[in-house]
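Questions regarding the structure given below will be posed in turn.
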Amino acid sequence: MGQTTLFEYPMAPDTCSNIESRCNYSVQHFWDKCELTKPFTAEYDSLLMEAMITYFDIMKAGANVNVSLSSVRDLMFKSQANHDNFIKLLSMAEYLLYFHDFDFIDDLYLTFAKSGADATWMKKEARNHFAEQVKRIEASKLGAELYNFEFTSITGVRKHLLDLKGASKLYVLMFSDGENGSSIERMRLNTDIALGNVVESGQVEIINIVVGDAPKIWDKDSQSYSSTWVVGASKEVVDKLDLRIMPCIYLLDEDFKVIAKNKTVDFVKSLVSR
(Lines give C-alpha, C1' and ligand atoms only; values in the text may rest on other atoms or scores of the structure.)
Protein backbone atom coordinates (compact mmCIF):
# COMPACT_ATOMS: atom_id res chain seq x y z
CA MET A 1 0.00 0.00 0.00
CA GLY A 2 1.34 3.45 -0.92
CA GLN A 3 2.08 6.25 1.50
CA THR A 4 -1.15 8.02 2.48
CA THR A 5 0.33 11.36 3.61
CA LEU A 6 3.69 12.99 3.04
CA PHE A 7 4.19 13.38 6.80
CA GLU A 8 2.18 13.01 9.99
CA TYR A 9 -0.36 15.78 10.44
CA PRO A 10 -0.80 17.31 13.92
CA MET A 11 -3.64 16.45 16.27
CA ALA A 12 -4.90 19.26 18.49
CA PRO A 13 -4.80 18.37 22.21
CA ASP A 14 -7.91 18.25 24.39
CA THR A 15 -6.92 21.55 25.96
CA CYS A 16 -7.98 23.20 22.69
CA SER A 17 -11.65 23.49 23.59
CA ASN A 18 -13.18 25.21 20.56
CA ILE A 19 -12.93 25.15 16.78
CA GLU A 20 -10.70 28.23 16.50
CA SER A 21 -8.18 27.01 19.08
CA ARG A 22 -8.04 23.56 17.48
CA CYS A 23 -7.56 25.04 14.02
CA ASN A 24 -4.96 27.48 15.31
CA TYR A 25 -2.96 24.64 16.89
CA SER A 26 -3.15 22.53 13.73
CA VAL A 27 -2.06 25.41 11.49
CA GLN A 28 0.80 26.41 13.81
CA HIS A 29 2.13 22.87 14.00
CA PHE A 30 1.09 21.55 10.59
CA TRP A 31 4.62 21.28 9.16
CA ASP A 32 6.37 20.14 12.36
CA LYS A 33 6.82 16.56 11.14
CA CYS A 34 7.77 17.57 7.60
CA GLU A 35 11.51 17.47 6.89
CA LEU A 36 11.76 20.70 4.94
CA THR A 37 15.51 20.34 4.37
CA LYS A 38 15.10 17.09 2.43
CA PRO A 39 14.08 17.32 -1.25
CA PHE A 40 10.40 17.01 -2.17
CA THR A 41 10.94 14.54 -4.99
CA ALA A 42 8.54 14.42 -7.94
CA GLU A 43 7.11 11.04 -6.91
CA TYR A 44 5.58 12.70 -3.85
CA ASP A 45 4.18 15.78 -5.61
CA SER A 46 0.59 14.58 -5.26
CA LEU A 47 1.05 14.04 -1.52
CA LEU A 48 2.61 17.48 -1.14
CA MET A 49 -0.32 19.01 -3.00
CA GLU A 50 -2.71 17.11 -0.71
CA ALA A 51 -0.82 18.47 2.31
CA MET A 52 -1.11 22.04 1.01
CA ILE A 53 -4.86 21.63 0.42
CA THR A 54 -5.32 20.18 3.91
CA TYR A 55 -3.30 23.06 5.37
CA PHE A 56 -5.53 25.62 3.64
CA ASP A 57 -8.70 23.71 4.54
CA ILE A 58 -7.80 23.90 8.22
CA MET A 59 -7.33 27.65 7.86
CA LYS A 60 -10.74 27.96 6.23
CA ALA A 61 -12.36 25.83 8.93
CA GLY A 62 -11.76 28.49 11.56
CA ALA A 63 -8.12 29.43 12.15
CA ASN A 64 -7.36 33.01 13.15
CA VAL A 65 -6.15 35.07 10.19
CA ASN A 66 -3.03 36.32 11.95
CA VAL A 67 -2.14 32.80 13.07
CA SER A 68 -2.48 31.58 9.48
CA LEU A 69 -0.31 34.37 8.06
CA SER A 70 2.34 33.82 10.73
CA SER A 71 2.38 30.11 9.93
CA VAL A 72 2.93 30.79 6.22
CA ARG A 73 5.78 33.20 6.93
CA ASP A 74 7.42 30.60 9.18
CA LEU A 75 6.95 27.84 6.58
CA MET A 76 8.49 29.85 3.76
CA PHE A 77 11.39 31.02 5.94
CA LYS A 78 12.26 27.47 7.01
CA SER A 79 11.81 26.01 3.52
CA GLN A 80 14.58 28.23 2.16
CA ALA A 81 16.99 25.70 3.67
CA ASN A 82 16.23 23.79 0.46
CA HIS A 83 15.68 26.15 -2.46
CA ASP A 84 13.92 23.56 -4.60
CA ASN A 85 11.42 22.89 -1.81
CA PHE A 86 10.81 26.62 -1.39
CA ILE A 87 10.08 27.00 -5.11
CA LYS A 88 7.78 23.95 -5.12
CA LEU A 89 5.76 25.23 -2.15
CA LEU A 90 5.54 28.67 -3.73
CA SER A 91 4.38 27.21 -7.05
CA MET A 92 1.70 25.11 -5.37
CA ALA A 93 0.45 28.10 -3.39
CA GLU A 94 0.22 30.09 -6.61
CA TYR A 95 -1.69 27.29 -8.30
CA LEU A 96 -4.17 26.83 -5.44
CA LEU A 97 -4.62 30.38 -4.17
CA TYR A 98 -3.99 32.55 -7.21
CA PHE A 99 -5.17 30.62 -10.24
CA HIS A 100 -8.08 28.89 -8.48
CA ASP A 101 -10.92 30.44 -6.51
CA PHE A 102 -9.99 29.01 -3.12
CA ASP A 103 -12.15 31.68 -1.46
CA PHE A 104 -9.42 33.21 0.69
CA ILE A 105 -8.45 36.71 1.68
CA ASP A 106 -5.79 38.18 -0.58
CA ASP A 107 -3.35 38.50 2.33
CA LEU A 108 -2.82 34.74 2.45
CA TYR A 109 -1.45 34.51 -1.08
CA LEU A 110 0.32 37.86 -0.66
CA THR A 111 2.35 36.28 2.16
CA PHE A 112 3.55 33.58 -0.22
CA ALA A 113 4.14 36.01 -3.09
CA LYS A 114 6.12 38.42 -0.92
CA SER A 115 8.39 35.58 0.17
CA GLY A 116 9.13 34.94 -3.52
CA ALA A 117 9.68 38.61 -4.28
CA ASP A 118 12.08 38.90 -1.32
CA ALA A 119 14.11 35.75 -2.05
CA THR A 120 17.32 37.37 -3.27
CA TRP A 121 18.77 34.02 -4.31
CA MET A 122 16.01 33.46 -6.88
CA LYS A 123 16.49 34.58 -10.47
CA LYS A 124 15.53 38.19 -11.07
CA GLU A 125 12.80 37.21 -13.54
CA ALA A 126 11.14 34.95 -10.94
CA ARG A 127 11.36 37.60 -8.20
CA ASN A 128 9.87 40.20 -10.55
CA HIS A 129 6.99 37.84 -11.36
CA PHE A 130 5.95 37.70 -7.73
CA ALA A 131 6.70 41.36 -7.10
CA GLU A 132 4.30 42.30 -9.93
CA GLN A 133 1.62 40.04 -8.45
CA VAL A 134 2.05 41.72 -5.08
CA LYS A 135 1.68 45.16 -6.64
CA ARG A 136 -1.47 44.25 -8.58
CA ILE A 137 -3.17 42.46 -5.68
CA GLU A 138 -2.46 45.28 -3.23
CA ALA A 139 -4.09 47.73 -5.65
CA SER A 140 -7.27 45.65 -5.75
CA LYS A 141 -7.53 43.81 -2.44
CA LEU A 142 -10.78 42.38 -1.16
CA GLY A 143 -12.37 44.85 1.25
CA ALA A 144 -10.37 47.85 0.03
CA GLU A 145 -11.39 50.67 -2.29
CA LEU A 146 -10.35 49.73 -5.81
CA TYR A 147 -7.44 51.57 -7.39
CA ASN A 148 -8.78 54.69 -9.09
CA PHE A 149 -7.65 53.93 -12.64
CA GLU A 150 -8.12 56.23 -15.62
CA PHE A 151 -10.12 55.21 -18.68
CA THR A 152 -11.46 56.72 -21.90
CA SER A 153 -15.22 56.50 -22.34
CA ILE A 154 -16.81 55.26 -25.55
CA THR A 155 -17.54 58.92 -26.35
CA GLY A 156 -13.86 59.82 -26.02
CA VAL A 157 -14.01 61.52 -22.59
CA ARG A 158 -11.18 60.70 -20.15
CA LYS A 159 -12.41 59.77 -16.69
CA HIS A 160 -11.38 58.01 -13.49
CA LEU A 161 -13.23 55.10 -11.91
CA LEU A 162 -14.30 57.10 -8.85
CA ASP A 163 -16.03 59.62 -11.13
CA LEU A 164 -18.73 56.96 -11.56
CA LYS A 165 -19.80 56.81 -7.93
CA GLY A 166 -23.55 57.26 -7.70
CA ALA A 167 -26.63 55.89 -6.00
CA SER A 168 -26.21 52.23 -6.96
CA LYS A 169 -25.78 49.66 -4.22
CA LEU A 170 -23.70 47.31 -6.35
CA TYR A 171 -21.32 47.88 -9.26
CA VAL A 172 -20.45 45.09 -11.68
CA LEU A 173 -17.06 46.00 -13.14
CA MET A 174 -16.26 43.81 -16.13
CA PHE A 175 -12.84 43.87 -17.79
CA SER A 176 -12.78 42.41 -21.28
CA ASP A 177 -10.51 42.19 -24.31
CA GLY A 178 -10.96 41.81 -28.04
CA GLU A 179 -11.25 38.05 -27.94
CA ASN A 180 -14.43 36.28 -28.99
CA GLY A 181 -15.00 34.89 -25.51
CA SER A 182 -15.31 38.40 -24.08
CA SER A 183 -18.00 39.44 -26.57
CA ILE A 184 -19.97 36.25 -25.83
CA GLU A 185 -19.86 36.92 -22.09
CA ARG A 186 -20.89 40.56 -22.62
CA MET A 187 -23.85 39.33 -24.64
CA ARG A 188 -24.82 36.93 -21.83
CA LEU A 189 -24.84 39.83 -19.36
CA ASN A 190 -26.67 42.09 -21.78
CA THR A 191 -29.49 39.60 -22.43
CA ASP A 192 -30.08 38.44 -18.85
CA ILE A 193 -33.59 39.61 -17.91
CA ALA A 194 -33.16 39.53 -14.12
CA LEU A 195 -29.92 41.50 -14.31
CA GLY A 196 -31.47 43.94 -16.78
CA ASN A 197 -34.30 44.63 -14.36
CA VAL A 198 -32.02 45.55 -11.44
CA VAL A 199 -29.89 47.70 -13.74
CA GLU A 200 -33.00 49.53 -14.97
CA SER A 201 -34.14 50.08 -11.37
CA GLY A 202 -30.78 51.65 -10.48
CA GLN A 203 -29.85 49.01 -7.90
CA VAL A 204 -26.93 47.77 -10.01
CA GLU A 205 -24.66 49.52 -12.48
CA ILE A 206 -22.54 47.69 -15.03
CA ILE A 207 -19.19 49.15 -16.03
CA ASN A 208 -17.38 47.48 -18.92
CA ILE A 209 -13.71 48.39 -19.36
CA VAL A 210 -11.92 47.14 -22.46
CA VAL A 211 -8.29 46.39 -21.69
CA GLY A 212 -6.04 48.28 -24.09
CA ASP A 213 -6.96 50.39 -27.13
CA ALA A 214 -10.67 50.26 -27.83
CA PRO A 215 -11.87 52.13 -30.95
CA LYS A 216 -11.42 49.20 -33.34
CA ILE A 217 -13.01 46.80 -30.85
CA TRP A 218 -15.95 49.13 -30.29
CA ASP A 219 -16.51 49.48 -34.04
CA LYS A 220 -16.46 45.72 -34.45
CA ASP A 221 -18.56 44.70 -31.43
CA SER A 222 -20.72 47.73 -30.71
CA GLN A 223 -23.90 45.64 -30.55
CA SER A 224 -22.57 43.65 -27.57
CA TYR A 225 -22.47 46.78 -25.39
CA SER A 226 -25.72 47.80 -23.72
CA SER A 227 -26.80 51.43 -23.82
CA THR A 228 -27.43 51.19 -20.06
CA TRP A 229 -23.78 50.36 -19.30
CA VAL A 230 -20.81 52.60 -18.72
CA VAL A 231 -18.26 51.61 -21.36
CA GLY A 232 -14.62 52.63 -21.53
CA ALA A 233 -11.09 51.53 -22.31
CA SER A 234 -7.90 51.56 -20.26
CA LYS A 235 -4.34 50.52 -21.01
CA GLU A 236 -3.10 50.80 -17.44
CA VAL A 237 -5.39 48.25 -15.77
CA VAL A 238 -3.50 45.20 -17.04
CA ASP A 239 -0.42 46.33 -15.10
CA LYS A 240 -2.25 47.89 -12.15
CA LEU A 241 -5.03 45.45 -11.21
CA ASP A 242 -5.33 41.78 -10.37
CA LEU A 243 -6.91 40.38 -13.55
CA ARG A 244 -6.40 36.61 -13.48
CA ILE A 245 -9.00 35.62 -16.07
CA MET A 246 -10.48 37.36 -19.09
CA PRO A 247 -13.17 38.50 -19.12
CA CYS A 248 -12.72 39.37 -15.45
CA ILE A 249 -15.47 40.63 -13.16
CA TYR A 250 -15.18 42.63 -9.95
CA LEU A 251 -18.10 43.41 -7.66
CA LEU A 252 -17.89 46.76 -5.85
CA ASP A 253 -20.12 48.09 -3.10
CA GLU A 254 -21.55 51.61 -3.01
CA ASP A 255 -18.20 52.93 -1.72
CA PHE A 256 -16.33 51.15 -4.54
CA LYS A 257 -14.80 48.67 -2.12
CA VAL A 258 -14.04 45.25 -3.59
CA ILE A 259 -16.47 42.61 -2.33
CA ALA A 260 -15.62 39.94 -4.95
CA LYS A 261 -13.07 39.66 -7.73
CA ASN A 262 -12.04 37.51 -10.66
CA LYS A 263 -15.59 36.21 -10.97
CA THR A 264 -17.55 34.97 -13.97
CA VAL A 265 -20.80 36.00 -15.65
CA ASP A 266 -22.44 32.91 -14.13
CA PHE A 267 -21.49 34.14 -10.66
CA VAL A 268 -23.12 37.53 -11.31
CA LYS A 269 -26.26 35.95 -12.72
CA SER A 270 -26.59 33.59 -9.76
CA LEU A 271 -26.14 36.51 -7.36
CA VAL A 272 -28.92 38.53 -8.95
CA SER A 273 -31.30 35.56 -9.14
CA ARG A 274 -31.16 34.91 -5.37
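The values are calculated or read from the model by the stated rules, or taken from the named source; none is laboratory data. From a predicted model like this one, the values you see are computed outputs, not experimental measurements. We work out accessible area using only protein heavy atoms, side chains counted, and drop any ligands, DNA or RNA first. Shrake-Rupley method; radii C 1.70, N 1.55, O 1.52, S 1.80 Å.
I want the antiparallel fraction of DSSP beta bridges within the chain, as a percent rounded to 5.
Of those bridges, close to 55 percent are antiparallel.
Using only Cα atoms and rounding to the nearest 10 degrees, what angle (0 to 90) does helix 45-62 make with the longest principal axis of the chain?
70
Just the accessible area for I193, please: 1.4 Å probe, Å², rounded to the nearest 10?
About 130 Å², ignoring ligands and nucleic acids.
What aspartates and glutamates sit close enough to K169 to cross-link, taking a C-alpha to C-alpha distance under 12 Å and skipping anything fewer than 8 places away on the same chain?
K169 reaches E205, D253, E254, D255.
Show which lysines lie in cross-link reach of K235 when reach means a straight Cα distance below 24 angstrom and same-chain residues fewer than eight apart are skipped.
Within the straight-line cut-off, K235 pairs with K135, K141, K159, K165, K216, K220, K257, K261, K263.
Where a Cα-Cα gap under 18 Å defines reach, which lysines qualify for K123, not counting those fewer than 8 residues away within the same chain?
K88, K114
Also, quick follow-up: Measure nothing fancy, just the Cα-based angle from helix 180-190's long axis to the longest principal axis of the chain, in degrees from 0 to 90, nearest 10.
70
Which value in deg cm²/dmol, rounded to the nearest 500, describes the helix-derived mean residue ellipticity at 222 nm for the chain, given -39,500 (n - 2.57) per DSSP H run of n ≥ 4 and division by the residue count?
One gets -13000 deg cm²/dmol as the mean residue ellipticity at 222 nm.
Work out from phi, with θ = phi - 60° and the Karplus expression 6.51 cos²θ - 1.76 cosθ + 1.60, the ³J(HN,Hα) of each residue of region 37-44, listed in order in whole Hz, and give x for Gly and Pro.
Those phi angles translate into 7, 8, x, 7, 6, 4, 5, 10 Hz.
Once the whole set of protein chains is in place, how much accessible area is left on K60, using a 1.4 Å probe, in Å² to the nearest 10?
Its accessible surface works out to 100 Å², give or take rounding.
Another question, if that's okay. Take the solvent-accessible surface of the protein heavy atoms, probe 1.4 Å, and return the percent of it on the chain that carbon and sulfur atoms account for.
The value for the chain is 51 percent carbon and sulfur by accessible area.
Determine the distance separating the Cα centre of region 71-146 from the Cα centre of region 1-32; give it in Å without decimals.
Region 71-146 and region 1-32 have Cα centres spaced 23 Å from each other.
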